[in-house]
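The values are calculated or read from the model by the stated rules, or taken from the named source; none is laboratory data. It should be emphasised that the depicted structure is a prediction, and the values quoted were computed from it without experimental measurement. For neighbour counting, all protein chains shown are included, and Cβ atoms are generated from backbone atoms with ideal geometry for every residue, glycine included. These accessible areas exclude ligands, DNA and RNA; they are computed on the full protein's heavy atoms, side chains included. Shrake-Rupley method; radii C 1.70, N 1.55, O 1.52, S 1.80 Å.
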Amino acid sequence: MDYSKLTECYELLEKTSARLKKIEIVAKLLRESDSENLPRVTLLLQGKVFPSWSEKEIGIADQLMIKIISTSTGFSTEEINRKYKETGDLGLVVESVVKQRKQSTLFQKKLTVEMVFENLRRIAEVEGKGAQNRKFQLVSEILSSASPKEAKYIVRTVLGDLRIGVAAGIIRDSIAEAFFPEREKKEVVNLIEWAWFLRPDYGEIARIAKERGIEGLKKVRIEVGKPYHVLLAEKAPSLEEGLKKFENPSLEYKYDGARIIIHKKADKIWLFTRRLENVTKQFPDCIELVKRCVKAKECIIEGEMLAIEPETGEPKPFQLLSQRIKRKYNIEEMVKQIPVQVNLFEIVYLNGKLLFDKPLRERRKILESIIKPIKGKFQFSKQLVTKDLKKADKFYKSALKDKQEGVMIKNLDAKYQPGRRVGYWLKVKPTLETLDLAITGGIWGTGKRAGWLGSFILGCRNPDTGEFLECGMLGTGIKEKKTKPEDVTFEELTKMLKPYIISEKEGTVKIQPKIVVEVAYEEIQKSPNYSSGFALRFPRFIRIRTDKGPDEADDIERIYRIFETQKGK
Ligand code: AMP
């Protein structure tokens, strides 16, 4: 398939904001793609060349891109930089300079989807000495054959900012639209989503839908060694009401750590986070524990991992654990400095058998039967089976005293539903409802905060388009100096955000929504100053949600709901 065909589609998608129209455009393209190109097209439509759980990244930042554009078009880097400052979009810059290209290329090859896709994949794979050079060549190679429009989207894809407003939901609905008749649509949309929970790669799912239809989708299974979307919790209105929801409730500590999903196939062990990241390499200590404690040949189990104090075994705040999740080198040192504890609560697969349909009470028994726990290291989550409010309240208080977040109330009769908040688990936490928002911009600080971003623009998700709408400005709660290990400083946050800065104008930067922060606030107000129409009053930073990606940030609907309930008070 010619890449120009995909580019035409990008153009149409960029021009329309209507969801149904977008679905129509995407579905048409999927229908016209042959089986081999279908997974590529599906990923490229999402601005990706790897499924979201892959560890691989293209890894080219703006500055290198400017050099590449300069070399492949013959314009000076100063000129490219100047244009970039004007538009804030290197895609538009490259489009205009390719139109006036100064350097004539020797061969004008017609770009195909395959060529672009494979080149971009190779960029992510080059490592080691000379990697930058090699990356440079791979991008220049495709850019030099690209038309202005093609160049625009290649550059945007490389930078991870496609700007066509196509979120996962649109891809899901477009697959249904492309390959199934209208009357089956509703059932199929659910099936596609289900398949995606189990195998989070719409590229592969599109191919299954096209080639094997409903039956194929029904047959999608989880695979040991590949991540899936886990069961999620809903919020309980209160401990008392939460308890009443289920005939047979069980309470568990809600630990202040990170979900860890452990896959084991004989000697091979993988660790995934709830965001589907592969963190096997970061936790050799956990792998050792799995080897010692898990008495099953093949299984997938889940738990919450906590950082603990090396001397006393006391639980430490989530921020410390997140340092380990992010760390890619000197791992052995980290193992000593920040040891971990795993608290297990789920099993979904054992020796060839899926356990989704078994009730929680049975799953927990099976889990207990295959684990030989080591106290304080690799153990079961603390559990209390009761309907008695007094006992439950005592348990809840002891969880808080043990520095944990609160409790989970679980329905012992419920099955496991991947990917969903279906109300089988209810969380009870004492804090006021916080929001998880993406940082979409910032303002350079002055005075003591000079050289760092001193305040941050918060964005909530538009669930239809995947774009972010501004809803507040954050400065409080971030520290100038670190006094406690869990403190986050302006410097640290600035460093994290810098690679994602898209453009800058008069001290205000636009940032790709990549980093999600948990924010507390006094209330939500209507506001014409922000694109969401709402503003958080007195937002206060709680922590960085390294366990959440931008697609899991809170959306405008949640903000609206909180706004409405506030009014009722
Ligand atoms: P939240 O992120 O607030 O929606 O809460 C859900 C998360 O709580 C899960 O993804 C787990 O990481 C975490 N969690 C902590 N303790 C437990 C537990 N006992 N059972 C289930 N999830 C838990």
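Is it true that some residue in region 266-274 is within 16 Å of the ligand (Cβ to nearest atom) and polar (S, T, N, Q)? The answer is yes, given that some residue of region 266-274 is within 16 Å of the ligand (Cβ to nearest atom) and polar (S, T, N, Q). Could you check, for region 223-231, whether at least one of its residues is of a type in the set (Lys, Arg) and either over 27 Å from residue 9 (Cβ atoms) or surrounded by fewer than 19 Cβ atoms within 10 Å (Cβ to Cβ) (or both)? Among the residues of region 223-231, at least one is of a type in the set (Lys, Arg) and either over 27 Å from residue 9 (Cβ atoms) or surrounded by fewer than 19 Cβ atoms within 10 Å (Cβ to Cβ) (or both), which makes the answer yes. Of all residues in region 122-159, those being more than 16 Å from residue 94 (Cβ to Cβ) and outside any helix (DSSP H, G or I) number 5. Consider residue 423 carefully, then state whether it is small (Gly, Ala, Ser) and in contact (Cβ under 8 Å) with a residue 24 or more places away in the chain. So residue 423 fits the description; yes. Selection of region 122-154 for residues being under 26 Å from the mean Cα position of the chain (by Cα) and open to solvent by 60 Å² or more (accessible area, probe 1.4 Å) yields 122, 125, 127.
Of the residues 331, 374, which is hydrophobic (A, V, I, L, M, F, W, C), surrounded by fewer than 17 Cβ atoms within 10 Å (Cβ to Cβ) and within 23 Å of residue 55 (Cα to Cα)? Walk me through how you get there before you give the answer.
Working: 374 fails: within 23 Å of residue 55 (Cα to Cα).
Matching residue, one of 331, 374: 331.
Per-residue answers, yes or no, for (1) assigned to a helix (DSSP H, G or I); (2) open to solvent by 30 Å² or more (accessible area, probe 1.4 Å):
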{"residue": "5", "(1), (2)": "yes, yes"}
{"residue": "34", "(1), (2)": "no, yes"}
{"residue": "53", "(1), (2)": "no, yes"}
{"residue": "57", "(1), (2)": "no, yes"}
{"residue": "70", "(1), (2)": "yes, no"}
{"residue": "110", "(1), (2)": "no, yes"}
{"residue": "114", "(1), (2)": "yes, yes"}
{"residue": "120", "(1), (2)": "yes, no"}
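Tallying residues that are among the aliphatic types (A, V, I, L, M) and open to solvent by 20 Å² or more (accessible area, probe 1.4 Å) within region 192-221 yields 1. Within region 334-363, being open to solvent by less than 50 Å² (accessible area, probe 1.4 Å), under 23 Å from residue 248 (Cα atoms) and free of Cβ contacts under 8 Å to residues at least 60 places away in the same chain holds for 344, 347, 359, 363.
Determine, yes or no, whether residue 281 is more than 12 Å from residue 378 (Cβ to Cβ) and not in a helix (DSSP H, G or I).
Values: more than 12 Å from residue 378 (Cβ to Cβ): yes; not in a helix (DSSP H, G or I): yes.
Yes: the conditions hold for residue 281.
Among the residues making up region 510-550, those that are within 16 Å of the ligand (Cβ to nearest atom), open to solvent by 20 Å² or more (accessible area, probe 1.4 Å) and touching a Pro at 6+ places or on another chain (Cβ under 9 Å) are 543, 550. Out of all the residues in region 310-321, which are open to solvent by 10 Å² or more (accessible area, probe 1.4 Å) and within 16 Å of the ligand (Cβ to nearest atom)? Selection gives 315, 316, 317, 319, 320. Of the listed requirements (1) modelled with pLDDT of 95 or more; (2) over 22 Å from the mean Cα position of the chain (by Cα); (3) within 16 Å of the ligand (Cβ to nearest atom); (4) outside any helix (DSSP H, G or I), residue 286 misses just one: (4).
The rows are residues; the columns are (1) in contact (Cβ under 8 Å) with a residue 40 or more places away in the chain; (2) away from the ligand (no atom under 16 Å from the Cβ); (3) outside the structural domain of residue 295 (by TED's automatic domain parsing).
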{"position": "370", "(1), (2), (3)": "yes, yes, no"}
{"position": "388", "(1), (2), (3)": "no, yes, no"}
{"position": "391", "(1), (2), (3)": "no, yes, no"}
{"position": "396", "(1), (2), (3)": "yes, no, no"}
{"position": "402", "(1), (2), (3)": "yes, no, no"}
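Scanning region 259-309 for residues being surrounded by 22 or more Cβ atoms within 10 Å (Cβ to Cβ) and at positive phi gives a total of 0. Scan region 455-479 for residues that are surrounded by 21 or more Cβ atoms within 10 Å (Cβ to Cβ) and in a strand (DSSP E or B) and the total you get is 10.
For region 197-221, a residue qualifies if it is of a type in the set (Gly, Ala, Ser), without any contact (Cβ under 8 Å) to a residue 40 or more places away in the chain and over 22 Å from residue 357 (Cβ atoms), and the qualifying residues are 209, 213.
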